[in-house]
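Scroll down for the structure; my scribbles are underneath it.
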Amino acid sequence: MRINDFLAKWRAEQEQLGRYNQRVDPVALLDAVLKDAQDAFFGDQDEILGLRQAAEESGYHPDHLARLVRQGVLPDRRPAGHRGRLLFRRGDLPRRPAGRHTEATDEHEPACKGGPNGHS
């Protein structure tokens, strides 16, 4: 279940309960909501991704992810003894912070606005 599906389902439940003024067992309701929430938020964490997909998902360059595998920091999900393309579990991937480096932000402002020696 995706997050949008989760929200749509429980908004529809809310509308139905309100429309018919239905009373429900709050513990049973919360159990159902929490089960669906866990599935929506964490259900795809076991999905296996190739290197390029993992790079897109994590925000890190493929070379960086491969280096993390070589260093033993990030597990490789290939079957034991198999060579070939690296495989990653979605839930194992590091996440790059939101302020990602892009080509558009490749230019850096000098530390001071003065001349080459820091003087105006």
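For segment 76-83, the Karplus equation 6.51 cos²θ - 1.76 cosθ + 1.60, evaluated at θ = phi - 60°, returns couplings of 9, 9, 5, x, 3, x, 8, 10 Hz by residue, with Gly and Pro reported as x. For R78, nonlocal amide neighbours, meaning residues 5 or more places apart or on other chains whose placed amide H falls under 5 Å from its own, are L87.
Tell me, what are the semi-axes, in whole angstrom and largest first, of the equivalent ellipsoid of segment 10-87 as set by the roots of 5 times the Cα gyration tensor eigenvalues?
44, 13, 10
No value in this document is a laboratory result; all are computed from the given coordinates. Bear in mind that the values here come from a model prediction, so they are computed numbers and not experimental data.
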